[in-house]
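> Take a look at the following structure, please.
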Amino acid sequence: MSRTDATARTGAAPEEPPATGPADGPGVVIDGADRPAIRVATPDAATPDAATSDVATPDAATPDAATSDVATSDAAASGGAPASTPPGGAMPDAGASGAPARARPVAGTWRLLRSELGLTFRRPRNLVLLALLAVVPVVIGVVLRAMGGGGPSIIAQAAGNGLMLTFGAMSVVAQLHLPLAVAVVAGDAVAGEAGTGTLRYLLTAPAGRTRLLLVKFADIAVYAAAACAVVTAAALLTGLALFPAGPVTLLSGTTISFADGLLRVLAVTGYAAVGMAAFGAVGLAVSTLTEAPIGAVAATVGAVVCSNIFGLIPQLEPVRPYLITSWWGEFDGVLRDPVAVDTMTQGLLVFAAYIAVFGTVAWARFTGRDITG
Amino acid sequence: MNATLTGEGAHEAAPPPLAPAASTGDCAIVTRGLTKRFRGGQVAVDDLHLAVPRGAVYGFLGPNGSGKTTTIRMLLGLVAPTGGGWELLGRPMPAGLAAALPGVGALVEGPAFYPYLSGAANLLRYDAADPTADGRTARARVAAVLDRVGLSAAAGKRYRAYSLGMRQRLAIAATLLGPRELLVLDEPTNGLDPQGTREVRALVKQVAAGGTTVFVSSHLLAEVEQMCTHVGVMRGGRLAAQGPIAELRAGRAPLVRVLTPDAARAAAVLERLGLSGARAAGEEAVAEIGDLPPERACAELVDAGVAVRGFTVARPSLEEVFVGLTGEGFDVEN
Ligand SMILES: Nc1ncnc2c1ncn2[C@@H]1O[C@H](COP(=O)(O)OP(=O)(O)OP(=O)(O)O)[C@@H](O)[C@H]1O
Ligand SMILES: [Mg+2]
């Protein structure tokens, strides 16, 4: 590089001088064994062919010329002022002139949450999961219609009243389908960003670690609620399309109005949403432990499967109340008159405890962690 | 004097130690003994004392694995140092991170974006993460920075479909989203074509002309030399030298280099002529030429019967000084 630049400085052809073969002797420089070229540097430079010999006069060898050996390709660079205009020309400059920008804690956080929700609800994967959730109640309804209903189970009761399909469908999807969808979003929440490296740019923006984690959790909770709402809506539509609608006969034998029944459907959806959000906290905590989103999702789903299995083993009966999976389907209370709140309250307390514990784990891990991805 | 450069024997250009930047009074970045020992026991950055004056364009140089990126990660609060402390824009860190970072545009170890989003949507995403950024002006600012890096035409294209150079430009655009007091650019010209490299240089100069301090890392001196006012050179996690680039330039004594089979004899002749630092290495004798006219040295050598095959007088290039500071060879140091 220095060679070509030196050539350019002296106004000679920018190409390498043609090889003339090595020659010995004083005052002759053999410059580079691989491509021999002769350069004679002398005050008495009476060289006939400037292209083949690189003449550097004493004047040219001022310290400045010697030092700026790489400063030729960008002519603008050697001057002090930026002579060349950037592509696109002028713009409001990112100079240091303005006063330090104030933080907008509320508007800014709301904006980040909207951005987060936009990502979550625009990702095809997450939408496919929601669509699959919508399919489950439809399948249950169609099967029920085809086989005919009857019997005491919640699902079978849907044959008598379309509204009951929502309760039946929710109790089915709450054990695996819903947690699966939530696990995908929650497990990916931090690990996905860490894996692709976007996390470092969010944090230098600066999103703030605690703030980002809170926004991530809010996003997961909204997705969990949306997933539950999708199940309810699909079940409601299917139930009303395939089965009779009208006043609902509860498990306790009393009958309530259709509107009252709808309210109870809402209550169940809300209960399931809180349960799924609590599970989302578990997924979020796992997500802060790794940079591999697939691993985080798999571990979170694995936790659900294990928890479900533990719930089936009689010897582990004492552990059951502490398992989050034990509480997801515990919304029978709304189907009694008056509503039996105690079981659901316990469930909500367990969910709150899960959010507190795993939220703390996620926070402790995420705020203390090196972001090297 | 001859200014022909041979580009060889760089390591022999023993550089004078540069004076440490004297005052840390008005600095955009100051580190005091910053150290990072990773959990495996690897010390990536060791007792680093950086001083980046405000308004400077600071070239942070070092070969692969010398700890540049780790330093930058620590400065930005991504990685917690295991020792020492630092200040950013006059604020003690890490306590002042939230206050300082909105004024800092950062490019760390290459671009990272959401592949399924467009370039503009990606920038909006990062802008949304900044609590000081105004959402109402976001679109205009995004359009302006995309224009500034020459990506306007590709603004609506998905990031997945961007070329390497476009990705790098987008990352540079992201650093300019807000009003910045400091830009931290980790190898900003990676993957850019010569035209893109030139544009980045021009952009850096333009930003610096607006008063913004620029801290730019590179493993190639030539990449940053033209735009830097200061340099710091890393070697194996330690700072080998730091100071204004003019000092680095000034500290280089011109060397006479004699190619000969009688290297030892040539070195003796040069020493007899009163040249300092005369030494022989293989088929080459080297000494600092000082005020001695080169033609005299040459004549003396020939008179003494030294078979001179090559004779050069050259001031070591900055590149050579740089290689001398950082060590040679392709092996990544540990
Ligand atoms: N997360 C990590 N865990 C352990 N060692 C690490 C980690 N990150 C970096 N290192 C080590 O720290 C040293 C410095 O790495 P760093 O990435 O800072 O170098 P660099 O100067 O940026 O190199 P390059 O020019 O290749 O980008 C290397 O030896 C690297 O192996
Ligand atoms: Mg690096």
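> Report the residue count in region B:135-168 for those that are assigned to a helix (DSSP H, G or I) and more than 10 Å from chain A (Cβ to nearest Cβ).
12
> In region B:30-64, how many residues are near ligand 1 (Cβ under 10 Å from one of its atoms) and within 14 Å of chain A (Cβ to nearest Cβ)?
The total comes to 9.
> Regarding B:LEU273, is this residue modelled with pLDDT of 85 or more, buried (at least 23 other Cβ atoms within 10 Å of the Cβ) and more than 16 Å from B:ALA253 (Cα to Cα)?
no
> Let me ask you something else. Give region B:51-68 a look and list any residue that's open to solvent by less than 20 Å² (accessible area, probe 1.4 Å) and either away from ligand 2 (no atom under 16 Å from the Cβ) or not in a loop (DSSP other than H, G, I, E, B) (or both), or say none.
Matches in region B:51-68: B:ALA51, B:VAL52, B:ALA56, B:VAL57, B:TYR58, B:GLY59, B:PHE60, B:LEU61, B:LYS68.
> State whether one or more residues within region A:253-263 are assigned to a helix (DSSP H, G or I), of a type in the set (D, E, K, R) and open to solvent by less than 40 Å² (accessible area, probe 1.4 Å).
The answer is no; no qualifying residue exists.
> I've got another one for you. Test A:ALA194 against the criterion of being closer than 30 Å to B:PHE113 by Cβ and more than 14 Å from chain B (Cβ to nearest Cβ), and give yes or no.
no
> Could you count how many residues in region B:147-205 are hydroxyl-bearing (Ser, Thr, Tyr), at pLDDT 90 or above and open to solvent by less than 20 Å² (accessible area, probe 1.4 Å)?
3
> Looking at B:LEU88, is it more than 16 Å from ligand 1 (Cβ to nearest atom), within 21 Å of B:ASP26 (Cα to Cα) and either open to solvent by less than 10 Å² (accessible area, probe 1.4 Å) or of a type in the set (Asp, Glu) (or both)?
For B:LEU88, the condition - more than 16 Å from ligand 1 (Cβ to nearest atom), within 21 Å of B:ASP26 (Cα to Cα) and either open to solvent by less than 10 Å² (accessible area, probe 1.4 Å) or of a type in the set (Asp, Glu) (or both) - is met.
> With respect to B:VAL108, is the statement that it is more than 10 Å from chain A (Cβ to nearest Cβ), within 29 Å of A:ARG102 (Cα to Cα) and open to solvent by less than 10 Å² (accessible area, probe 1.4 Å) true?
In short, no.
> Residues of region B:279-307 being of a type outside the set (Val, Ile, Thr), away from chain A (no Cβ under 12 Å) and open to solvent by less than 20 Å² (accessible area, probe 1.4 Å), which ones?
Passing the criteria: B:ALA285, B:ALA287.
> Right, another one. Can you confirm whether B:VAL233 is away from ligand 1 (no atom under 16 Å from the Cβ) and under 18 Å from B:LEU75 (Cα atoms)?
No.
> Just to be sure, is B:THR71 of a type in the set (S, T, N, Q) and more than 16 Å from ligand 2 (Cβ to nearest atom)?
In short, no.
The values are calculated or read from the model by the stated rules, or taken from the named source; none is laboratory data. No experiment lies behind these values; they were computed from the predicted model shown. Here the Cβ is made from the backbone with ideal geometry for all residues, glycine too, and neighbour counts use every protein chain on show. Note: accessible area is taken over every heavy atom of the protein model, side chains too, but ligands, DNA and RNA are not part of it. Shrake-Rupley method; radii C 1.70, N 1.55, O 1.52, S 1.80 Å.
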